[in-house]
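J.: Below you'll find the structure I mean.
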Amino acid sequence: MTKTAIVAGGGIAGAVAAIALHRAGYQPVVYEAHGAGADNRGTWLTVAVNGLAALAALDLDPESIVAAGFPTPRLSLTNGSGRQLARIPLGGTTIRRPDLYAALRSEVVARGITVVYGKRLVSRSEAGDRVTAVFADGERATADLLVGADGVHSATRRLLDPAGPAPRFLGLLNSAGFTTAPVEADLDRTPGLMHMAFGKRCFFGWCAAPDGSIWWFANPPAAEPSGPQAEPAWRAHLLELFAADKIPATAIIRATGQIEGPWNTYDLPRVPVWRSARTVLIGDAAHAASPSSGQGASMAMEDAVTLGKCLAAGGDALARYESARRDRVQRVVAAGRRSGSGKAAGPVGAAIRDAITPLVMRMLYRKGNPQAWILDHRV
């Protein structure tokens, strides 16, 4: 008899998990907490080469999935004065988040997998070889497996281990946008080159898309999490943060029609409980990494593929999945936290950072890419 699965969360992790479970012989149903319009949420991200390889392991065509994006194989790192600190390999494809959602969701639907919107998980229970999920509207679903793919603020994680750790605020906010008008600045529009800069008061990143638009993000430091802010006031705040920098941040922000944000950035310290007999966590629900890692989507994809392979092999699949993934993802979380810590450095810390970064990068890359342990991994 075909086994069934409830996938809580219809984002990147949930979509890829549904495909992996289907491939492993399960009949999954995806329950997304938000409405159908939520697929249009978000700005942009980069899917790293290891994430693309994970998609290929599901017999998907990675180039088709990210066809709406563009390759970004290189990264230029500067300081607020415009001095280049490093130029290093990046790898992967940069894509609008809604375009990635749409491509993955299309693959889900093509396999006959049901996606149900507006279903927020509120409780779960296990009895024998079955697990039952209860949603906020009172609907219940019972299956052989519950996969918590519901993000950093995962309801599944809280239900699995109410005493477990809460997400950790990283002292940074996030904002992003796309230019809709010419930028009044001399920009390096080298194809495939991602620019990132340690501004004097705020970190900034941008790249030129093939259509001529500029995609950007900013990471303003913050002592505590922020709620929603009015767009005009938030725009003015960003312009003030970059006013003293010799990077094109202010010109790009002024050319942007609608600025998204702010939203808060979190990671997760070690999550002690990933699974029970019939419930398992994947993606940010289990191991959210700082956006500075550039690996959130790719780690979720690797998780989903690994889980599918373990389930297909039978036996104690959830234990093998955790064993295969825990050490790797915790190293990525730690690496992301280290790389993000320099974004909010004070004047003294920034001076030290700018002085040693070129030397450190030369030493690290002398014998190859130090990120190879992340990017070269295959599931």
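J.: Please go through (1) of a type in the set (S, T, Y); (2) touching a strand residue (DSSP E or B) at 6+ places or on another chain (Cβ under 9 Å); (3) modelled with pLDDT of 95 or more; (4) surrounded by fewer than 24 Cβ atoms within 10 Å (Cβ to Cβ) for Y31 and return the number of the only condition it doesn't satisfy.
T.: All conditions are met except number (4).
J.: I'd like to check something: does the range 195-205 contain any residue that is in a strand (DSSP E or B), in contact with a His (Cβ under 9 Å, 6 or more places away or on another chain) and not aromatic (F, W, Y)?
T.: Restricting attention to the range 195-205, the residues satisfying the condition of being in a strand (DSSP E or B) are 195-198, 203-205.
Applying the additional criterion that residues be in contact with a His (Cβ under 9 Å, 6 or more places away or on another chain) yields 204-205.
From the residues that got through so far, the ones that are not aromatic (F, W, Y) too are 205.
Checking the range 195-205: at least one residue is in a strand (DSSP E or B), in contact with a His (Cβ under 9 Å, 6 or more places away or on another chain) and not aromatic (F, W, Y).
J.: Please verify whether G151 is modelled with pLDDT under 95 and on the phi > 0 side of the Ramachandran plot, treating the condition exactly as stated.
T.: The answer is no for G151.
J.: Right, something else. For the range 58-85, what are the residues that are within 24 Å of A243 (Cα to Cα) and in a strand (DSSP E or B)? It would help to see each step written out before you state the result.
T.: From the range 58-85, those within 24 Å of A243 (Cα to Cα) are 75-85; that's our starting set.
Within the range 58-85, L75, S76, L77, T78, N79, Q84, L85 qualify.
J.: Just name the residue that is modelled with the lowest pLDDT out of those in the range 218-240 that are more than 10 Å from S175 (Cβ to Cβ) and in contact with a helix residue (DSSP H, G or I) (Cβ under 8 Å, 6 or more places away or on another chain).
T.: P221
J.: D99 versus (1) assigned to a strand (DSSP E or B); (2) closer than 28 Å to F178 by Cβ; (3) not basic (K, R): which is the lone unmet condition?
T.: (1)
J.: Continuing with the same structure: Pick out the one residue from C207, C202 that is in contact (Cβ under 8 Å) with a residue 24 or more places away in the chain, within 16 Å of L170 (Cβ to Cβ) and buried (at least 16 other Cβ atoms within 10 Å of the Cβ).
T.: Numbers: C207 fails: within 16 Å of L170 (Cβ to Cβ).
Selected residue: C202, the only one of C207, C202 that is in contact (Cβ under 8 Å) with a residue 24 or more places away in the chain, within 16 Å of L170 (Cβ to Cβ) and buried (at least 16 other Cβ atoms within 10 Å of the Cβ).
J.: Follow-up question, since we're still on this one. Just checking, how many residues over the range 303-336 are buried (at least 18 other Cβ atoms within 10 Å of the Cβ) and among the polar types (S, T, N, Q)?
T.: 1
Let's see how each residue does on (1) surrounded by 17 or more Cβ atoms within 10 Å (Cβ to Cβ); (2) more than 23 Å from V16 (Cα to Cα):
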{"position": "Y117", "(1), (2)": "no, no"}
{"position": "V131", "(1), (2)": "yes, no"}
{"position": "A143", "(1), (2)": "yes, no"}
{"position": "H153", "(1), (2)": "no, no"}
{"position": "L172", "(1), (2)": "yes, yes"}
{"position": "A181", "(1), (2)": "no, yes"}
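J.: V115: aliphatic (A, V, I, L, M), in the same structural domain as A304 (by TED's automatic domain parsing), outside any strand (DSSP E or B) and over 25 Å from S292 (Cβ atoms), yes or no? Break it down stepwise before answering.
T.: Details: aliphatic (A, V, I, L, M): yes; in the same structural domain as A304 (by TED's automatic domain parsing): yes; outside any strand (DSSP E or B): no; over 25 Å from S292 (Cβ atoms): yes.
For V115, the condition - aliphatic (A, V, I, L, M), in the same structural domain as A304 (by TED's automatic domain parsing), outside any strand (DSSP E or B) and over 25 Å from S292 (Cβ atoms) - is not met.
J.: For the range 41-51, does any single residue satisfy the condition of being over 27 Å from R23 (Cβ atoms) and not charged (D, E, K, R)?
T.: So far as the range 41-51 goes, yes, one or more of its residues are over 27 Å from R23 (Cβ atoms) and not charged (D, E, K, R).
The values are calculated or read from the model by the stated rules, or taken from the named source; none is laboratory data. Keep in mind that this is a model prediction, so the values were computed, not measured. Note that each Cβ is placed from the backbone with ideal geometry, even for glycine, and that neighbours are counted across all protein chains shown.
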